[in-house]
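Here the structure comes first, spelled out in C-alpha cells, and everything after it is commentary.
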C-alpha cells in the first residue's frame, strides 16, 4: 500500500503494539457495554448516549469506545482538569472523581456527567478509566447563562479511597429532578469504571507499566502517522466555506465562516468572523469545538484511524475566544450539538472543493431534540422523556444518502415505542420518513423523519430544539437542497417560544427533521431510480416533474395509501 | 437388523455424512462434493452411499438429522421471497429506520443492510393497541382486503404482519392473516406474535420480515429434500438443526425458517459439547476456525449460552440462538501493513480459490496459512493427506516482501501474523466470556475446524486457559453433532410483571401457559413422556433498567417459592455481571421462557483400550519448526494422528498431522490421547 512503516521509528515491535492496542480497545468497549446494560435512564440504556475512554497516566486519550463523537470533547480535558486541581500525591487508589462543568469539569454541557477513576499498579498511577453518560435531567431550566442550566460540578471526589462520599452524592441528587434514576445511573457508571480498572491492572501485571507506556507512545504515534499520511493525499491549498445557523432561540440566523488550509501533512482550521457568544444554550466550549473538528477531519482523512490523542496532532483549530464557537464563562451550552453539526457542515463544505469524491452533501445538520416532561397520571411521579431524532444523510459521489439516521456528532438510538409508552403517559402516533425531504440530485439526499407524540391524561411541557428551519441542507455539484425542519402542531397547540411549549391532554405535536442535500445535477439521475422513488412515494409526482423532468402518468398510484 | 443414526452437514464445498450404529457405537464418516444448485442431491445421495458402504442393505435408519446453510446463504445473497408487509398505522417505515443509528460512526460511505421489503410493498392498516391492551383502532375487513388485493397485484409470495403490542394481544394480527390468506392463495403468511412474542417492536418486526424472506426458500428446499430422502430409503421423520442447537421437524422449520439461520455453526457447538461431555468436561469454550472466519462460543455446565438479541448479516434477529461470536479471520485471511505501519490480518481472505500463496494458484498476498507454512508448523510440502501440494518458496517470497515493510525478518514476520491472529481470537473469546461475566481460565478450549487445532495452544496460553481438547475428527464435528442433538423448541412470552406479593399468581400462570404450549408441541413431535424435559427461565431487570438478565430456574419451583427463586437468581446474576445489587430497588420480569427438549439417546461412543504412554509407533518423522518462543527453528517430532492410541503421551514441542487438520503442541505442553481418541493438551508446571 504505502511505506508508512518506514516513517515509524518503532521502539516496540509493531506486532506487540497491535496486540496491546487490541486489548485497550476491548477494555473500553466492555466498559461501555456494562454501562449501557446496567443503567436506568432511557437516554443511556436504550439510546446509548454515553462513552467510555481510557487515558494514560498523563491524561492522553488511549481509546474511546465508539458511541458518540462529541463525547471525545467532553472527556478530552477531564484528566488534565483533575490533575490541575489535585497534586498527584493527593490522589489515592479507590478515588473516583465526578464532574460535569463545561468550563472546569471536563464536560461540554451539564447533563453529561463524567466519572474518572485513577488506575494504580504497584502503588503508581498507571492510567485512568473514565466514562460519561448523558443524564436526562436538568430540564425546564433557563439558558441565558450556564448557572441556569443545572448544577455545575467541578471535578471532585464522589468516592475517596474506595468509600462513597454520601454528602457529595446527596448534594447532587437534591439538585436533580429524577433522583432515583440519577442514583442508579451513577451506580452503573461506577460499575463500568470498576471493570475498566480490573482489566487495565491485569494488563499492567502482564507487561509492566514502563513497557506499556512505551506502547502507548507508539499507539499515539501510529494514529498520528495515519492522519498525516491521509492529509498528505489531499491537495495543498486554502479552502473557504460559509454557512448559516438558525435556531428558535435566536432572533436571527448567524453566519459562520471557515478558512481551511492544507499544507503537506498538516491541516489548519480557522473559524473566522464568528459571531459573539449568545444568551442561549447554543455556545460551544473549546473542547466541544475541537472534538467536532477532529471528527469532521477524520471522516474525510482516515475513517478507520484509531480514536486516540495522536490523531489530533497534525490538526490545528482556532476560533475567537468569546465567540459562539469558543465561548467564555458563563456562556450557556446545553443545546450545543446543533451548533456542532454546523461546524461539521463547514469542514465538509470546504473539503468538498479539495476531494469531491470523498465528501457528502450536507446531512440534516441538526441534533433535533424533543423532551417531554410532566407528572405521570399513572404513578404520580415526575417524568422526563428525551429523544433526539435523526434525519437525512447527505448524498455521496456514487450513491444516495441514507434515509432517517443520526448524523455526525451524534449517533443515539431511538427509544422503542413498546419501551416508551409503558413508562411515560405518551403515545407515538407516527414514526416515518418524510416525502420529498431528500434533496434531488444525480444521487438523492437522505430523507428526514416525522415523529408524532400525543400527551395522555396530563398537561405536558415540551422542549423542542432544532435547526435548518430557515437554511436547508445544501447540495453539492448541482445537487439540490434537502427538506427543512418544522413542527406540525395540533389545532389549539400554541407556537413554541424559544423551543418551549405545552400540550394539553389529548393534544399532539409532530417533529419533522431535515432531510439532506443531493449530489450532482438531478437531470443526470438514472430515470429508473426516479421511477422507483416515485413508486415508493419517496418523492411526489410534482418533484418528479419539476426536479427530474419526468412525467409520471399512470405510475402515480401512491401505493401506501391503498391500505389506509 | 442394525439400527443407524445419520447426520448430514451440508457445506459450501463438501457434504459430510456421519453414521453411527446404535448398538455397537461404531462411527463412520463419508464426504461427498456438495451440489450447490440443489443441495438435496448431495445430501440424499451421500447418505445413501455411506449407508451402502458401511451399513449394508439391512440397515434401519432411526434418526436423520441435517444441518444446512440454505437459510444463511439466502440471507447473505439476499435471495429470498418477494415480501409484502402490513404494519400498524404510522409505522410502515420502522423497518427502514430501525434504531435510527448509522452503520459506521466515521465512514461517510457506509451503507445500511438492504431493506428486505421496499417501501411500496409496506402497507398500513388503521390498527392500534396500547401497552395495557386497550384497543385504539381495530382493522376493518375492507381495509385488510384492500391491502391484500394491492399486495396480490404486486405479486408478493410472502406476507409479514407486525402490529404494536401483538405479544400482548394477537387478535388483530390473526384477523389480518386470516382475511389476507383468502386473497393471497398459498402465499407464505407470517405474524410477529407467532415468530417472537416479545417487546421491542423493531427487532420483532425485523425477525418477522426475515422469517417471511426465508419462508418460501426453506419450504421449497425441504419439499425437494423430503422425497429424495424417502427415495434413498430413509423413512424416519427427518430433522433439521436450529440456531439454538436443537432440532425440529421439517414441518416446524417450514413455519419458522428464521430459526435455522445459524443451523450449521450451532451444530458444531453441539458436537464439541457432546465430545467434551463424553470426556467428562462440562465447561468449554468452542473454537471453530475455518478458512475465512472463526466462530467461538461458551458452554457452561453442559448448556450452551443462548441469546435472543443477535444480529445476523446486518439484520437483528430476536430468536433463540447459541451465542456464537464470529470473527472475520481464518487460515485464508490476508496479512498487510497499513498506512501507519501496523500489521493487520483480515478481514480480506484469499478464500478456497485461489487460496494462500503456497497453493500456487495465483494469489500473491500472504495469508495466515502461508505464515504457518513458512514456520513449517504446517507441512511445507503437502496438505490434505497429499491431495494439496504446497510451495513453501512462494510463501517465503510473499512474507519476505511483508517483512521488508515491517522492518522485521521473515520468521519474525510470520510469527507476527500468528500473534495478531491469536490476539483477535482472544478478543473474540473475551466478548463471550469476560464480557458476560465468565472467567476463561475456568473453561476447556475445544478446538476444531481445519485451522482450530493449529492455533489453539497459543490462544489458550494467551488467555491462560489450562486445557485444550482436540476431537478425533476436528473437520467433521458438525456432522457428528447432528447425531447427538436433542429436539428442542423455545417458547416465550412478554408479560411485564413487578416482583411483589401480588405477582405470584400471574408468574405461575405465565409459566403454566408456556408449559401447556410445550406439551402440545411434544404431542405434535411425538416425544414420549419419559423423554420430555422443560427448562424455565425469566428475563428480569431492576424496574428502570432496560436490558434484562436471563435468570434460569433450576427447577420450575412451586407457586409458593417461585418469587423467591426469581429474586435470588436475579440478584446473583446482577452481582456477577455488574459487581453490585440495589436491594431497595423493585425487580421486574419482562419475558417468561421455557425451553422444551425431546431427549434423544446419546450413543455410547466406543472407548479404546489404554495402550500406554509410548507414542513412538505413531511417530512419522521430524521437521524444523520455527518457534518464536525460542526465536529459532527447532527439530520437532511429527506424529500421525491415525496411529495414535489411547493413553499415548507426547511432550511438546511436537506436531500432530491428520488428513483435515494439524495440531501444534508447544514447548512446555503435553498432549495425551484419551479413551475416545481426543487429544488433550495441557501446560505443565512452570510453562
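The values are calculated or read from the model by the stated rules, or taken from the named source; none is laboratory data. In this text the structure is predicted, and so the values were computed from the model without any measurement. Cβ coordinates were reconstructed from backbone atoms using ideal geometry, including for glycine residues, and neighbour counts include every protein chain displayed.
Does residue B:680 meet the test of being in contact (Cβ under 8 Å) with a residue 24 or more places away in the chain and surrounded by fewer than 21 Cβ atoms within 10 Å (Cβ to Cβ)? Spelling it out, residue B:680 is indeed in contact (Cβ under 8 Å) with a residue 24 or more places away in the chain and surrounded by fewer than 21 Cβ atoms within 10 Å (Cβ to Cβ). Within region B:434-446, being in contact (Cβ under 8 Å) with a residue 12 or more places away in the chain and within 11 Å of chain A (Cβ to nearest Cβ) holds for B:436, B:437. Residues in region B:230-257 that are more than 14 Å from residue B:67 (Cα to Cα) and crowded, with 24+ Cβ neighbours inside 10 Å: there are none. Of all residues in region A:494-553, those satisfying the criterion of being farther than 30 Å from residue A:360 by Cα, without any contact (Cβ under 8 Å) to a residue 24 or more places away in the chain and assigned to a loop (DSSP other than H, G, I, E, B) are A:494, A:495. Checking each residue of region B:421-431 against the condition of being at pLDDT below 90 and surrounded by 24 or more Cβ atoms within 10 Å (Cβ to Cβ) gives no match. Would you mention how many residues in region A:282-323 are within 16 Å of the chain's Cα centre (by Cα), away from chain B (no Cβ under 14 Å) and part of a loop (DSSP other than H, G, I, E, B)? Count: 4. The set of residues in region B:338-365 being within 14 Å of chain A (Cβ to nearest Cβ), surrounded by 22 or more Cβ atoms within 10 Å (Cβ to Cβ) and touching a strand residue (DSSP E or B) at 6+ places or on another chain (Cβ under 8 Å) consists of B:343, B:345, B:346.
Count of region B:325-346 residues, restricted to those that are under 15 Å from residue B:426 (Cβ atoms) and in contact with a helix residue (DSSP H, G or I) (Cβ under 7 Å, 6 or more places away or on another chain), is 4. The set of residues from region A:389-410 being more than 9 Å from chain B (Cβ to nearest Cβ) and not in a loop (DSSP other than H, G, I, E, B) comprises just one member, A:391.
Give region A:46-60 a look and list any residue that's buried (at least 24 other Cβ atoms within 10 Å of the Cβ) and away from every other protein chain (no Cβ under 14 Å), or say none.
From region A:46-60, those buried (at least 24 other Cβ atoms within 10 Å of the Cβ) are A:47, A:49-56; that's our starting set.
Those that are buried (at least 24 other Cβ atoms within 10 Å of the Cβ) and away from every other protein chain (no Cβ under 14 Å): A:53, A:54, A:55, A:56.
Residues in region B:170-186 that are under 15 Å from residue B:81 (Cβ atoms) and surrounded by fewer than 17 Cβ atoms within 10 Å (Cβ to Cβ): B:185, B:186. Identify the single condition in (1) buried (at least 23 other Cβ atoms within 10 Å of the Cβ); (2) at pLDDT 95 or above that residue A:188 does not satisfy, given that it satisfies every other one. Among (1) buried (at least 23 other Cβ atoms within 10 Å of the Cβ); (2) at pLDDT 95 or above, residue A:188 violates only (2). Within region B:119-135, the set of residues being at the interface with another protein chain (Cβ under 8 Å from one of its Cβ atoms) and more than 37 Å from the chain's Cα centre (by Cα) comprises B:125, B:126.
Give the residue, chosen from A:22, A:43, that is over 23 Å from residue A:287 (Cβ atoms), modelled with pLDDT under 90, within 14 Å of chain B (Cβ to nearest Cβ) and assigned to a helix (DSSP H, G or I).
Values: A:43 fails: over 23 Å from residue A:287 (Cβ atoms).
Just one listed residue meets the conditions, A:22.
This table checks each residue for (1) within 17 Å of the chain's Cα centre (by Cα); (2) assigned to a strand (DSSP E or B); (3) within 11 Å of chain B (Cβ to nearest Cβ).
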position: A:370; (1), (2), (3): yes, yes, no
position: A:412; (1), (2), (3): yes, no, yes
position: A:419; (1), (2), (3): no, no, yes
position: A:432; (1), (2), (3): no, yes, yes
position: A:446; (1), (2), (3): no, no, yes
position: A:470; (1), (2), (3): no, no, no
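Of the candidates B:110, B:47, B:55, B:81, the single residue that is more than 11 Å from chain A (Cβ to nearest Cβ) and over 24 Å from residue B:484 (Cβ atoms) is B:81.
Under the condition of being within 14 Å of chain A (Cβ to nearest Cβ) and either touching a strand residue (DSSP E or B) at 6+ places or on another chain (Cβ under 6 Å) or at pLDDT below 90 (or both), the residues counted in region B:564-573 number 2. When every residue of region B:148-159 is checked against the conditions, none turns out to be at the interface with chain A (Cβ under 10 Å from one of its Cβ atoms), under 33 Å from the mean Cα position of the chain (by Cα) and within 17 Å of residue B:205 (Cα to Cα). Can we say residue B:189 is surrounded by 24 or more Cβ atoms within 10 Å (Cβ to Cβ) and touching a helix residue (DSSP H, G or I) at 6+ places or on another chain (Cβ under 9 Å)? The answer is no for residue B:189. Between A:152, A:157, the distinction of being out of contact with any helix residue (DSSP H, G or I) (no Cβ under 6 Å at 6 or more places or on another chain) and assigned to a strand (DSSP E or B) belongs to A:157 only.
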